[in-house]
1. If residue 258 passes every condition in (1) touching a residue at least 40 places away in the same chain (Cβ under 8 Å); (2) closer than 18 Å to residue 308 by Cα but one, which one does it miss?
2. In the stretch 17-32, which residue that is modelled with pLDDT under 90 and assigned to a loop (DSSP other than H, G, I, E, B) is nearest to residue 56 (Cα to Cα)?
3. State whether one or more residues within the stretch 227-243 are over 43 Å from the mean Cα position of the chain (by Cα), over 16 Å from residue 276 (Cβ atoms) and at pLDDT 85 or above.
4. With respect to residue 305, determine if the residue is over 48 Å from the mean Cα position of the chain (by Cα), assigned by TED's automatic domain parsing to the domain that holds residue 168 and at pLDDT 90 or above.
5. Exactly one of these conditions fails for residue 14: (1) in a helix (DSSP H, G or I); (2) under 35 Å from the mean Cα position of the chain (by Cα). Give me its number.
6. Give me a count of the residues in the stretch 203-223 that are closer than 14 Å to residue 257 by Cβ and part of a loop (DSSP other than H, G, I, E, B).
7. For residues that are modelled with pLDDT of 85 or more, over 14 Å from residue 248 (Cα atoms) and over 34 Å from the mean Cα position of the chain (by Cα), tally how many sit in the stretch 187-202.
């Protein structure tokens, strides 16, 4: 039976929650954060239910301490809170919360969320174990591939075959004497294996010369640390790998190359490799001499202590030599044995892992659909090849309600179900993609007829309704779609995306659970600045409302407008009509949340600025119309300036601007 730790200072909450959970879980309840930490020391639970508001130590501080402890950091944690403020939720998520349960909690909702979090945690734990196993496999492949590379380098010089392997063995023995951890030693082994990789840039004839090297030969030899450093500079999997290649020929007294570093300016990894590299050189046959005996090697290290080599490290290595340390040298090591068939196979396996990682990087992990990066590239590629098509943009209506009511686990399942519908309604040449959140797109390749697009949209709407009807936890979820055609509505992916987004925005503001094609109109009026004459014509009934911008409830406003216009006719009263428009500064299409926030700021600005006799209404998703009674142009301008000032006080963003058009109302035309 799973164990739950319940933390709440309210005894009534503890009783209700414990009663709801006792049948399925072993529940331990405590009344404070400090008591919770003590209980964790005694017994590790499978899940923690944490109240936020508690005296002395609140839930957030308790959670910080829990997550800071490696032993407890992975325990799933759900906050119990009466505060539904998004900022509070955001802070809790940053602390590592897995979900929220709102107080007063409904037992069936609470148990449902807990069971799903525990299921997810089991899945996560299983995946982590599989990942760890896969990581070890990849690490083994990587090690063997590194050894193959090192051996290939050594094979260039017939006098130093196996040099890199022997240097690595010697270096890690020294590191072991220094008390390094196993993890550090393993990493150091890789570094030492690649210390001579720069010799790839040295011609074979130089490495294998039997006569003394000329000055130009030495110049090439002295460049190999620089070459190695360049090759390895972007390798981040192995820590300090560049240091080993770049600095292993620096001398402690500053007389080495390539930079003439001295003392501890030389990285520790390189100082150790320098000793191991010199030891292998002394203990190996060279073209100019036979390998040295052990006592002679000891003499050389004593002579060069503090000059070529770090004195402290030299003392450690001398102790090892005097205790009988040695690395066997194989005279019969053949180059053809170095790149064995198995090493070649291992390199192929590594390449396959890299390709697998590349493919995974183009998919959305939750739904298995392609991601935005792939979609843009693939759609542009199809368009360049002459394909036409229709870009559908989808948004799940009321999706936030699912997350808020049932939790993110159910939300994720909902997204996966929707993705399955898109997969079933996409062909092999179509591009189905999850943009993020609950937004998806599909590019239907070679779909050019609007009738076909309408059929496809209606089919998806029907399938979503039927599929979601089967799920008891889904309530009022539907789908809205915006559609843009190539080439009529855009010449590339970005233009199609923007115009499909505009059509989607139009549908979201006009009832949802439907679709709209960009070039059919409607959304253009909704997203461009309307002329004030068009507004007047619309209200006065000389323009079809369906051809205008987003329609609001005009009935009451129209009656007021009609009354005022008659007053103008009879009493010659001065009345101003003002149309405010919210625009982007760079003509980009704003997202829904940004426009909603800006329109809210405009409504507040209007409310704070108008007199009781004035009237106004939202005309579209980005426009607002006012009627100012008994006001000339100067009075109207004063009101407008006050609205604009208040708007910018309310809306803090820098991405939008507010413009206006003002006109003196004339008597209605007969």
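The values are calculated or read from the model by the stated rules, or taken from the named source; none is laboratory data. All values derive from a computational prediction rather than experimental measurement. Counting neighbours? That spans all protein chains shown, and the Cβs are built from the backbone with ideal geometry, glycine included.
1. It fails just one condition, (1).
2. 22
3. Step one: of the stretch 227-243, the residues over 43 Å from the mean Cα position of the chain (by Cα) are none.
No, that holds for no residue.
4. Numbers: over 48 Å from the mean Cα position of the chain (by Cα): yes; assigned by TED's automatic domain parsing to the domain that holds residue 168: yes; at pLDDT 90 or above: yes.
For residue 305, the condition - over 48 Å from the mean Cα position of the chain (by Cα), assigned by TED's automatic domain parsing to the domain that holds residue 168 and at pLDDT 90 or above - is met.
5. (2)
6. The qualifying residues number 1.
7. Qualifying residue count, the stretch 187-202: 0.
For every residue, the table says whether it meets (1) outside any loop (DSSP other than H, G, I, E, B); (2) free of Cβ contacts under 8 Å to residues at least 40 places away in the same chain; (3) touching a helix residue (DSSP H, G or I) at 6+ places or on another chain (Cβ under 6 Å); (4) buried (at least 18 other Cβ atoms within 10 Å of the Cβ).
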{"position": "284", "(1), (2), (3), (4)": "no, no, no, yes"}
{"position": "295", "(1), (2), (3), (4)": "yes, yes, no, no"}
{"position": "299", "(1), (2), (3), (4)": "yes, yes, no, no"}
{"position": "307", "(1), (2), (3), (4)": "no, no, no, no"}
{"position": "314", "(1), (2), (3), (4)": "yes, yes, yes, yes"}
{"position": "324", "(1), (2), (3), (4)": "no, yes, no, no"}
